1. Provide the FRET efficiency to the nearest 0.05 for the ALA68-HIS25 pair, computing r from the beta carbons and using R0 = 25 Å.
2. For the stretch 80-187, what is the Kirkwood hydrodynamic radius in Å, using each pair of distinct C-alpha atoms?
3. Can you figure out the FRET efficiency of ASP171 with LYS98, using R₀ = 25 Å and their beta-carbon distance, to the nearest 0.05?
4. Assign unit charges at the C-beta atoms only (+1 for Lys and Arg, -1 for Asp and Glu), then state the dipole size of the stretch 39-86 relative to its Cα centre in Debye, rounded to the nearest 20.
5. Just to confirm, what accessible area per residue do you get for the stretch 21-120 at 1.4 Å probe, in whole Å²?
6. Measure off, as a whole percent, the carbon and sulfur share of the 1.4 Å-probe accessible area of the stretch 100-187, all protein chains present.
7. Select from GLY129, GLY76, GLY37 the residue whose mean-square fluctuation is largest in a Gaussian network model of the chain (Cα-Cα springs shorter than 10 Å).
8. Taking the convex hull of the alpha carbon atoms in the stretch 120-161, what volume per residue do you get, in Å³?
Amino acid sequence: MRPETNLTNHFLIAMPRLEDPNFFHTVTYICEHTTDGAMGIVINRPMDLHLADIFEQLEIQISTTDIAEQPVYIGGPVQSDRGFVLHESSTEWASTLKVTTDISVTTSLDILEAIAAGKGPEHNLVALGYAGWGAGQLESELAQNAWLSGPAESDIIFNRASDERWQAAADLLGVDLNLLSGDTGHA
């Protein structure tokens, strides 16, 4: 991987014809991209599950109904039983990967306890599972026209409705996904 192709803190926007059911019409926030591969969280696939369900299973008391009703997302097909919290980077937790000065991802229980108590990061997205790519796999998929990529924006992750995030991420690139063809430019 060349330094100019590092997609950490980028959105991966599924091309309209990407038919893999795990990624159809998704936008994935790339948390880490190295020569060993990439890891990201799908940010626009809410589950039929809310934080109240997670907290009940973990026997964590909830302070407000607003927190209880927050959706949980399908973060990707890898380790779908493991929780990941994308959040603003104001505090570090027991197991935090600081992606940028503004965005981190945490996998430890302490952040969930803080969120339940109303003391966690104001902006957060809780997901089960993640999207992962081995060495060179993501670059190959990009070359096959499976994805668009562009710099991420925290406002889309934390403030947009989940059903608006796919097009909103493409809008950052000036792309109307409805006008794209899935065909590549081969002669």
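The values are calculated or read from the model by the stated rules, or taken from the named source; none is laboratory data. The model shown is predicted, which means the values in this text are computed figures rather than measured ones. Quick reminder, even Gly has a Cβ in these numbers, built from the backbone with ideal geometry, and neighbours come from all protein chains shown. Remember, those area values only see protein heavy atoms, side chains included, never the ligands or the DNA or RNA. Shrake-Rupley method; radii C 1.70, N 1.55, O 1.52, S 1.80 Å.
1. Numbers: r = 28 Å, r/R0 = 1.11.
Once rounded, the FRET efficiency stands at 0.35.
2. On the way: mean 1/r = 0.0621 Å⁻¹.
The answer is 16.1 Å.
3. Taking R0 as 25 Å, the efficiency between ASP171 and LYS98 is 0.40.
4. Computed about the Cα centre, the dipole is about 280 debye.
5. On a per-residue basis, the stretch 21-120 sits at 50 Å².
6. 47
7. Top of the fluctuation ranking is GLY37.
8. Values: hull volume 5.3 nm³, N = 42.
That works out to 127 Å³ per residue.
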